[in-house]
Amino acid sequence: MIVSFTEELKQRESAARARVEEIREQMAVLAEQLEDAEGHLTRWKIAREAVDEVLAETGRVAAPEPDHESDAPAVDENEGTVSAFSRVIGVQTVPLAAGAA
């Protein structure tokens, strides 16, 4: 059976329309997930701000904001030591020399 050129165009248009609708449905699901995630983020931010406020009122100091651009700890260039406000990422264990325990 030979399909006319017009019929072929209609079929392709219909397939494209179905694909657009499928993507719109996916976007609606993603938009809902994004809204939920943004709500969680907002709640965590409010919680952190509340803790900072309580610590400030009690004379304690909240930890400084972490540097999201770098995971490297801050190093005092004069002494070559890690500053008190740096973030500890992990611990490296070193074996003791024989008889050093």
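Starting from the alpha-carbon convex hull of segment 5-66, give the projected area averaged over all orientations, in nm². Taking the Cα atoms of segment 5-66, their convex hull projects to 6.0 nm² on average. Derived scalar couplings between HN and Hα for segment 9-26 equal 5, 5, 5, 5, 4, 4, 5, 5, 4, 5, 5, 4, 5, 4, 5, 4, 5, 4 Hz in order, rounded to whole Hz, by the Karplus curve 6.51 cos²θ - 1.76 cosθ + 1.60 (θ = phi - 60°), x for Gly and Pro.
With θ taken as phi - 60° and the Karplus curve 6.51 cos²θ - 1.76 cosθ + 1.60 applied, the whole-hertz 3J(HN,Hα) list for segment 32-48 is 5, 5, 5, 4, 4, 5, 5, x, 4, 4, 4, 5, 5, 5, 4, 4, 5 Hz, x standing for glycine and proline.
Computed from label points 7 Å out along Cα-Cβ, the spacing between ALA50 and GLU25 is 4.0 nm.
Distance between the C-alpha centres of segment 20-45 and segment 1-18: 34 Å, rounded to the whole angstrom.
Computed from the coordinates by the stated procedures, all read-outs in this text should not be read as laboratory data. Because the structure is a prediction, the values reported are computed rather than measured. Virtual Cβ from ideal backbone geometry, glycine too; neighbours counted across all protein chains shown.
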